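Everything on this sheet refers to the single structure shown next.
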Amino acid sequence: MKIALSGYYGFDNAGDEALLSAITSSINRLQPDADFVVFSGCPEKTSALHGFHAVYHKNPFHVLRELWEADLLISGGGSIFQDVTSARSLPYYISVVAMAKLLRKPVIFYAQGVGPINRPFSKFLMRLVGNRVDLITLRDMASSRLLYELGVRRPPLLVTADPVFSLQPGAADEKKIDRLLNANGIADKPLVGVAVRKWQALEGYQERLAPLLDDLAGRGYQIVFVPMAYPDDVAESRRVAGLMRMGAVVLDEHLKSQEHLALMDRLNLMIAMRLHALIFAANRGVPLAGISYDPKVDAFLSSFGLEPLPGSYEAMRARVDALLEDTEIQAEISRRAAVMRDKSEQNARLALSLVVDS
């Protein structure tokens with residue numbers, strides 16, 4: 001069985017690389033002989049990191065050849081169906097789906113987070129092609145509602161959970177993080193992780209966040225910046241750290257997905273803009289505080305009964321104090337994470353049903 005995967009792969013984004021690891025490992029647990037080909041922005045990097053055959057995602061001849069030989073196309077997960085970061089992104093990913101359907105291949109939108117979709121042409125494409133795929137699984141209710149509003153109603157739409165909830169760190173990942181923390185002299189300290197990204201519409205958050213981090217550092221917590229998109233997030237991490245009065249550590253290192261999860265196990269709290277930093281934290285039952293820059297962050301926090309961090313210093317501190325001290329909130333995060341873990345495994349079973357049952 002050959003399965004093609006289309007997503008934001010090969011761009012050094014920890015969240016998307018974690019998705020690829022999670023999707024393929026979940027499928028291999030159920031179908032050990034499954035063979036994968038990945039449409040990647042950097043095939044050599046993807047093959048070296050994950051061990052799968054990969055082809056350049058914008059070479060139409062290679063993509064078409066691999067789709068011709070594939071038994072199934074998995075589109076996603078992640079947030080590839082949106083038109084905020086680029087007007088070209090959604091048409092590209094939809095075109096891969098359209099090629100697969102022209103070749104009469106089964107297609108699943110796999111645990112997608114859909115939106116925002118603002119352009120009329122993007123909405124038209126989603127409705128046209130989305131109604132021709134075989135199955136759609138989504139990571140949140142907001143995505144399901146958006147697709148329904150756009151007129152995507154023919155294939156089954158099922159809300160499951162982000163595939164990353166199925167990932168677990170291994171012993172080697174734990175040892176790598178131990179060495180990293182020891183090298184930075186912070187292995188024996190209570191840690192608060194911070195994952196930020198540059199986002200023009202949210203400019204000014206840096207000056208509001210730094211005093212909160214100083215307050216936590218003054219109470220004995222070591223602030224650790226975790227660049228999720230490496231090296232892109234390093235500069236923004238250093239910018240926020242530079243606004244602090246207290247010392248902070250920026251982990252200037254490219255970590256693998258399971259190594260990120262092992263790092264989460266060491267944290268007392270994760271404060272993050274990056275969605276998958278929040279997902280990684282929730283996976284490990286770590287209290288999480290989200291800085292909203294995109295509806296996908298709000299939707300994820302809502303699934304854990306949480307709201308984004310408020311804007312004022314006093315309100316931010318009250319929210320963070322509750323996350324650090326309220327054992328009921330911590331227990332509820334762990335409980336909901338266990339539910340998400342079970343739901344995330346449904347994605348692989350549903351995907352394979354399109355091949356096994358056909």
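Laboratory data are not the source of any read-out in this text; all were calculated from the coordinates shown. Nothing here was measured: the structure is a model prediction, and the numbers come from that model. Please note: Cβ atoms are built from the backbone with ideal geometry, for glycine as well, and neighbour counts cover all protein chains shown.
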Note on the chain: contact order normalised by length, alpha-carbon pairs under 8 Å, 6 or more apart, percent, works out to 16 percent
What is the angle, in °, between the Cα long axis of helix 171-183 and the longest principal axis of the Cα atoms in the chain? Nearest 10 is fine, range 0 to 90. 40 degrees
Using only Cα atoms and rounding to the nearest 10 degrees, what angle (0 to 90) does helix 205-218 make with the longest principal axis of the chain? 50 degrees
Would you mind getting the Kirkwood hydrodynamic radius of region 2-159 from its Cα pairs, rounded to one decimal in Å? 15.5 Å
Tell me which lysines have Cα within less than 20 Å of K189's Cα, excluding those fewer than 8 residues away on the same chain? K175, K176
Before anything else, pin down the relative contact order of region 1-134: Cα pairs under 8 Å, at least 6 apart, normalised by residue count, whole percent. 25 percent
Among T24, T46, T327, which comes first, second and so on when ranked by fewest other beta-carbon atoms within 10 Å? T327, T24, T46
Cα gyration tensor shape for region 313-357, rounded if a/c is under 1.5, else prolate or oblate: prolate
Quick one: which of 229-241, 309-321, 130-142 comes out on top by average Cβ neighbours within 10 Å, and what's the full order, highest first? 130-142, 229-241, 309-321
Tilt relative to the chain, helix 120-130 - C-alpha long axis, 0 to 90 degrees, to 10: 60 degrees
Fewest-first sequence of I333, I186, I74 by Cβ atoms within 10 Å of each Cβ: I186, I333, I74
